[in-house]
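Written below as structure tokens is the structure these notes are about.
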Amino acid sequence: MNKVIIDGNSLTIEDFINVVRKNYVVQLSEEAVERVTKSREVVDKFVNEEKVVYGITTGFGKFSDVLISKDKTKKLQRNLIVSHACGVGEPLHEEIVRGIMLLRANALSKGFSGIRLSTLNTLLDMLNKGVHPVIPEKGSLGASGDLAPLAHMVLVMLGEGEAYYHGERMPGDKAMKLAGIPIVELTSKEGLALINGTQVMTSIGTLALYDSINLAKTADIISALTLEALNGIVTAFDERVQLVRAHKGQIDTAKNILRIVEGSNMTTKQGEMRVQDAYSLRCIPQIHGAIKDAIEYVKEKVNIEINSATDNPLIFNEEEDAISGGNFHGEPMALSFDFLGIALSELANVSERRIERLANPALTGLPAFLAENGGLNSGFMIVQYSAASLVSENKVLAHPASVDSIPSSANQEDHVSMGTIAARKARDILGNARNVLAMELLSSCQAIDLRGNKGLGKGTRIAYSIVRDNISKIDDDRIMYKEINKCEDLIKSNIILERVEKEIGKLN
């Protein structure tokens, strides 16, 4: 049985993907069990002593100065969940929901949240047995954490709300019963521990990040095909040029391109056909490289966040102390995912410029719009239109969510991150960018055929063959969206990236 052991400190992005996409089983480490148990003992002591601690013996947000008696702590936690479940919009995808549950469980396993071990195990049972709460995608401010969407997750633990089980949407209590998982009655601190965190934005963003890493590498392969289709100049990728600027992404990308086109009879050198290429070809290392550097920054921040305690108050066992802080604030993720969205937008932006260059006869000497019988055939004319539309949409989506804030809870929570919006936008930009690159992939293979395939490079030859195994050369107009979708599927499945890397080694 494939499994991932969580302890709150060592979860990796690869672990995350294995759980959310490959259904690895999740278990708590022995150390995590011990920490969670000790943390709970401290909370129970606070309750018995009726010590004033936010969210344990007080109300929430603006109601933090309202004391709650010991006999009402269970009702307080239930009221928190049902009142906060205010999400709207389409349900988040199953893999995102699985990521939310995993990340929340991992944060709780650090032992700073005061949840009962039995309640944490209920959440893990739901994850492992495939009870996936219906969580609307909209409604989080990204500070005080992802309160509204996480409340929808917890509703199912209480036998409320809705869940998907074996692909069927049903009431939460029915899903729990079918899976053989007892529902829980929350007690002091537990409701707050379950919903006060950044796990919704982080789950959405981590999935987008993982796919972005692969897409950026695949973009190098696709741009190399375009380079060959346009008899591009490889001299610009000389390592000496990159080293005098020394950005890692730039150096890595130039190396990638040269390895991908190694042995090509389609590329040229400086001065053979022309002195220099347009920026969308010549500056691939600088553009793709900067995008990779941005992705690497986001990866660094995500690796920290997926192993962080992000709720409030935090319980410190050794000192028997509870501190109200601001770890729930999503600003580190909001800025990161805004940056990711901007970077991905640029990946699509430069790809569309290469599509235009391929389709424009004034720039290439190829038939207009890559159509052999132009006029009767429109060829790739509207492919470029569609790419331009997606790029324009990305420019709107790339506006940072993190620059906005609307005060909430009677101005007690007077600055919020909008990080979940940033993560959703990055996800949407990723989808658009992947489609634009699919259009470039289709266009570059058509252009190679029209130019005359004189022998492609070690990597591009493989990519071209995969496309042609699925899509024939377009001699007469056909329904183009089907072919675009096929290319998008090839990119999304990572089959091109994996086969090229098998031939030439890992790309950076």
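Is at least one residue of the stretch 69-80 closer than 22 Å to THR420 by Cβ and either touching a strand residue (DSSP E or B) at 6+ places or on another chain (Cβ under 8 Å) or buried (at least 18 other Cβ atoms within 10 Å of the Cβ) (or both)?
yes
Confirm whether ALA309 is buried (at least 20 other Cβ atoms within 10 Å of the Cβ) and touching a Lys or Arg at 6+ places or on another chain (Cβ under 6 Å).
Numbers: buried (at least 20 other Cβ atoms within 10 Å of the Cβ): yes; touching a Lys or Arg at 6+ places or on another chain (Cβ under 6 Å): yes.
Yes, satisfied.
Please determine whether any residue of the stretch 441-458 is in the same structural domain as ILE260 (by TED's automatic domain parsing), closer than 27 Å to ILE204 by Cα, among the basic types (Lys, Arg) and modelled with pLDDT of 95 or more.
no
Listed residues VAL261, VAL184, VAL275, VAL200; which is free of Cβ contacts under 8 Å to residues at least 60 places away in the same chain and among the β-branched types (Val, Ile, Thr)?
Step by step, each of VAL261, VAL184, VAL275, VAL200 is checked, and only VAL275 is free of Cβ contacts under 8 Å to residues at least 60 places away in the same chain and among the β-branched types (Val, Ile, Thr).
I'd like the full set of residues that are in a loop (DSSP other than H, G, I, E, B), under 23 Å from SER324 (Cα atoms) and small (Gly, Ala, Ser), limited to the stretch 86-116.
SER109, GLY111, SER113, GLY114
Given the conditions (1) out of contact with any Lys or Arg (no Cβ under 9 Å at 6 or more places or on another chain); (2) assigned to a helix (DSSP H, G or I), and given that ILE462 satisfies all but one, which numbered condition is not satisfied?
Only one criterion is unmet by ILE462, namely (1).
Could you please find all residues in the stretch 14-65 being in contact with a Phe, Trp or Tyr (Cβ under 7 Å, 6 or more places away or on another chain), in a helix (DSSP H, G or I) and modelled with pLDDT under 95?
The answer is SER39, SER64.
Might you let me know whether the stretch 139-156 holds any residue that is in contact with a Lys or Arg (Cβ under 8 Å, 6 or more places away or on another chain), outside any loop (DSSP other than H, G, I, E, B), surrounded by fewer than 24 Cβ atoms within 10 Å (Cβ to Cβ) and modelled with pLDDT of 95 or more? Lay out the reasoning, then the answer.
From the stretch 139-156, those in contact with a Lys or Arg (Cβ under 8 Å, 6 or more places away or on another chain) are 150, 153; that's our starting set.
Next, from what is left, pick out any that are outside any loop (DSSP other than H, G, I, E, B): 150, 153.
From what is left, the residues that are surrounded by fewer than 24 Cβ atoms within 10 Å (Cβ to Cβ) are none.
No - not one qualifying residue is present in the stretch 139-156.
Condition first: assigned by TED's automatic domain parsing to the domain that holds LYS301, in contact with a helix residue (DSSP H, G or I) (Cβ under 9 Å, 6 or more places away or on another chain) and in a helix (DSSP H, G or I). Can you find one or more residues in the stretch 372-381 that meet it?
Looking for residues that are assigned by TED's automatic domain parsing to the domain that holds LYS301, in contact with a helix residue (DSSP H, G or I) (Cβ under 9 Å, 6 or more places away or on another chain) and in a helix (DSSP H, G or I), one finds at least one in the stretch 372-381, hence yes.
Which of (1) crowded, with 21+ Cβ neighbours inside 10 Å; (2) without any contact (Cβ under 8 Å) to a residue 12 or more places away in the chain does ALA463 not meet, given it meets every other one?
It is condition (2) that ALA463 fails.
If I ask for residues that are surrounded by 22 or more Cβ atoms within 10 Å (Cβ to Cβ) and without any contact (Cβ under 8 Å) to a residue 60 or more places away in the chain, which ones from the stretch 278-293 would you list?
Scanning the stretch 278-293 gives PRO285, GLY289.
Give the residue, chosen from GLU190, GLU228, that is under 30 Å from ARG40 (Cα atoms), in contact (Cβ under 8 Å) with a residue 60 or more places away in the chain and not hydroxyl-bearing (Ser, Thr, Tyr).
GLU190
Inspect the stretch 401-414 for any residue being in contact with a Ser or Thr (Cβ under 7 Å, 6 or more places away or on another chain), surrounded by 19 or more Cβ atoms within 10 Å (Cβ to Cβ) and hydrophobic (A, V, I, L, M, F, W, C) and give the result as yes or no.
Within the stretch 401-414, not a single residue is in contact with a Ser or Thr (Cβ under 7 Å, 6 or more places away or on another chain), surrounded by 19 or more Cβ atoms within 10 Å (Cβ to Cβ) and hydrophobic (A, V, I, L, M, F, W, C).
Looking at THR119, is it hydroxyl-bearing (Ser, Thr, Tyr) and surrounded by fewer than 24 Cβ atoms within 10 Å (Cβ to Cβ)?
yes
Does GLU300 satisfy being without any contact (Cβ under 8 Å) to a residue 12 or more places away in the chain, within 30 Å of SER109 (Cβ to Cβ), out of contact with any His (no Cβ under 7 Å at 6 or more places or on another chain) and outside any helix (DSSP H, G or I)?
Numbers: without any contact (Cβ under 8 Å) to a residue 12 or more places away in the chain: yes; within 30 Å of SER109 (Cβ to Cβ): yes; out of contact with any His (no Cβ under 7 Å at 6 or more places or on another chain): yes; outside any helix (DSSP H, G or I): no.
Considered against the rule, which asks whether it is without any contact (Cβ under 8 Å) to a residue 12 or more places away in the chain, within 30 Å of SER109 (Cβ to Cβ), out of contact with any His (no Cβ under 7 Å at 6 or more places or on another chain) and outside any helix (DSSP H, G or I), GLU300 comes out as no.
Do we find that LEU76 is in contact (Cβ under 8 Å) with a residue 40 or more places away in the chain and more than 34 Å from the chain's Cα centre (by Cα) in this structure? Steps first, answer last, please.
On the way: in contact (Cβ under 8 Å) with a residue 40 or more places away in the chain: yes; more than 34 Å from the chain's Cα centre (by Cα): yes.
Yes, satisfied.
Taking the condition of being free of Cβ contacts under 8 Å to residues at least 24 places away in the same chain and exposed (fewer than 14 other Cβ atoms within 10 Å of the Cβ), how many residues in the stretch 1-22 meet it?
Residues meeting the conditions: 3.
For SER308, are the conditions met, namely being closer than 23 Å to ARG499 by Cβ and either assigned to a loop (DSSP other than H, G, I, E, B) or not assigned by TED's automatic domain parsing to the domain that holds ARG427 (or both)?
Spelling it out, it is not the case that SER308 is closer than 23 Å to ARG499 by Cβ and either assigned to a loop (DSSP other than H, G, I, E, B) or not assigned by TED's automatic domain parsing to the domain that holds ARG427 (or both).
Being in a loop (DSSP other than H, G, I, E, B) and either surrounded by fewer than 21 Cβ atoms within 10 Å (Cβ to Cβ) or among the acidic types (Asp, Glu) (or both) is the filter here; which residues of the stretch 267-277 pass it?
Across the stretch 267-277, the qualifying residues are LYS269, GLN270, GLY271, GLU272, MET273, ARG274, VAL275, GLN276, ASP277.
In the stretch 170-186, is there at least one residue being out of contact with any Phe, Trp or Tyr (no Cβ under 6 Å at 6 or more places or on another chain) and closer than 30 Å to LYS492 by Cα?
no
For the stretch 395-406, check the following and say yes or no: at least one residue is at pLDDT below 95, over 28 Å from MET266 (Cβ atoms) and in a strand (DSSP E or B).
no
The values are calculated or read from the model by the stated rules, or taken from the named source; none is laboratory data. Here the structure is a predicted model, which is why all the values come from computation and not from measurement. Because the Cβ atoms are built from the backbone with ideal geometry, glycine has one as well, and the counts that use them run over all protein chains shown.
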